[in-house]
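Derivation of every value follows stated rules applied to the coordinates shown; laboratory data play no part. As the structure is a computational prediction, the values presented were derived from the model and not from experiment. Positions of Cβ are generated from backbone atoms using ideal geometry, with glycine treated the same way; all protein chains shown enter the neighbour counts.
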Amino acid sequence: MPAPDPKSQRPQRIAVLPGDGIGRDVTAEAVRVLEAAAERWSLPLELVHLPYGADHYLATGVTLPPGQMDEFRDRFAAILIGAYGDPRIPDMRHAADILLGIRFQLDLYVNFRPCKLYDARLCPLKDRSERDVDFVIFRENTEGAYVGMGGNFKKGTADEVALQEEVHTHKGVDRIVRAAFEWARANGRRKVLMADKSNVMRYGHDLWQRVFAEVAGEYRDLESSHLFVDALCMQMIKAPQQFDVIVTNNMFGDIVTDLGAALQGGLGVAASANRHPGRVSMYEPVHGSAPKYAGTGRANPMGAILSAALMLEDLGHLEAAREVEAVVAAAIRAGETTVDLGGSLTTAEVGARITRAVASGAAVAG
């Protein structure tokens with residue numbers, strides 16, 4: 001049976017929320033790359049640009065309109081989002097409502113972070129090659145310390161008591177651990193490591209220990225192991241080549257993924273996917289909004305572009321996803337980068353070079 005004509009496929013609607021600060025700059029370049037990929041491979045992408053961010057909130061008092069989460073869930077295939085944060089909104093309510101709201105209300109329990117070195121000169125560790133830094137981290141994304149449970153007693157006095165609670169459920173731990181093993185098996189990785197602090201967090205992290213052992217028993221073809229999170233951080237510096245897949249809780253995942261980003265050259269090249277397999281998912285670069293750099297051309301768009309590549313992969317466009325990643329890697333090796341990676345190009349110039357290479361299928365030229 002012949003393959004269906006992509007032009008006849010139902011459009012895959014992509015919600016584009018550029019966010020604040022440099023989020024708007026880098027998202028614009030990711031969109032250009034997506035448009036070039038859609039044109040070259042006749043992908044059924046429909047990009048829907050939405051205004052929700054600091055400017056919209058300050059003008060209207062609305063972070064997201066009523067029913068928007070249902071709209072995301074029912075009418076979109078994916079969400080591409082930029083960085084959020086604006087000093088005009090000190091409590092960052094809009095960022096919490098939009099970014100954390102999407103993660104929690106759409107139940108995007110997998111935060112997937114590739115840690116891949118594209119050029120050895122970018123690694124802060126001496127004598128390391130691209131082969132030494134190539135692993136992924138599965139961060140649990142909807143539980144742990146980020147649920148916002150706790151409170152203050154006698155706040156503002158010398159007797160103040162502050163409580164901050166973690167929440168871990170069997171269901172939540174099981175599904176993130178299982179996602180890590182499934183990804184490892186599907187992608188030819190041999191090892192899955194779980195990191196916790198169960199020697200101190202004796203209740204919640206004991207649950208992680210027990211569930212990890214249960215799930216690992218179903219994947220006897222893969223090697224399973226454990227490190228306390230402090231030992232993991234040391235080993236990521238000493239011997240990153242030992243890792244294939246790491247799975248951990250929400251707070252520790254937040255920390256070790258940024259350490260992984262440093263190993264690959266910094267937050268400017270760090271991509272992420274917030275997934276619920278089989279449902280609408282969200283894709284974002286992991287750097288902040290850096291408002292003082294907005295519009296200056298200093299922001300690195302590669303993290304946003306690589307996040308778009310993860311989105312293409314999840315939408316089933318594997319050839320396009322791999323090509324976009326390959327073009328970004330070629331740009332890095334050629335020195336066609338922004339200043340954070342040692343180059344001299346602006347945000348838009350980097351985006352333009354990657355867009356042209358994706359559109360033409362040619363390597364990035366110096």
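Taking the alpha-carbon distance from residue 126 and a cut-off under 21 Å, which lysines remain once sequence neighbours fewer than 8 residues away in the same chain are dropped? The reachable lysines, counting only those whose Cα sits under 21 Å from residue 126, are 116, 238. Counting only residues at least eight positions apart within a chain, or on another chain, there are no lysines with an alpha carbon under 16 Å from that of residue 292.
In segment 129-264, with Lys and Arg counted as +1 and Asp and Glu as -1 at Cβ, which of these residues, 232, 148, 170, has the Cα nearest the positive end of the dipole, that is, farthest along it? Going by the Cα projections, it comes out as 170. Counting only aspartates and glutamates at least 8 places from residue 197 when in the same chain, those with an alpha carbon closer than 14 Å to its own are 166, 206, 230. Each peptide in 320-328, 85-93 gets a packing score, the mean of other Cβ atoms within 10 Å over its residues, and the list from highest to lowest is 320-328, 85-93.
Comparing mean-square fluctuations of 11, 65, 301 from a GNM of the chain with C-alpha springs under 10 Å, the top value falls on 65. Translational diffusion coefficient, Stokes-Einstein: compute it for segment 129-264 using the Kirkwood radius over C-alpha pairs as Rh, at 20 °C and 1.002 mPa s, and state it as an integer in µm² s⁻¹. It diffuses with D of about 135 µm²/s by this estimate.
When the Gaussian network model of the chain links Cα atoms closer than 10 Å, the mean-square fluctuations of 133, 48, 286 top out at 48. Residue ranges 333-344, 121-132 sort as 333-344, 121-132 when ordered by packing (mean number of other C-beta atoms within 10 Å per residue, highest first). Would you mind classifying segment 20-70 by shape? Square roots of the alpha carbon gyration tensor eigenvalues, ordered a ≥ b ≥ c; an a/c under 1.5 is rounded, otherwise it is prolate if a/b is larger than b/c and oblate if not. Here segment 20-70 falls in the oblate category. The packing ranking, built from the mean of other Cβ atoms within 10 Å per residue, places the peptides 143-152, 108-117 in the order 108-117, 143-152, highest first. Couplings for segment 95-100, taken from phi via the Karplus curve 6.51 cos²θ - 1.76 cosθ + 1.60 with θ = phi - 60°, read 5, 5, 5, 7, 5, 5 Hz in order; Gly and Pro are left as x. Around the Cα centre of segment 249-366, unit charges on the Cβ atoms of Lys, Arg, Asp and Glu (plus for the first two, minus for the last two) sum to a dipole of about 180 debye.
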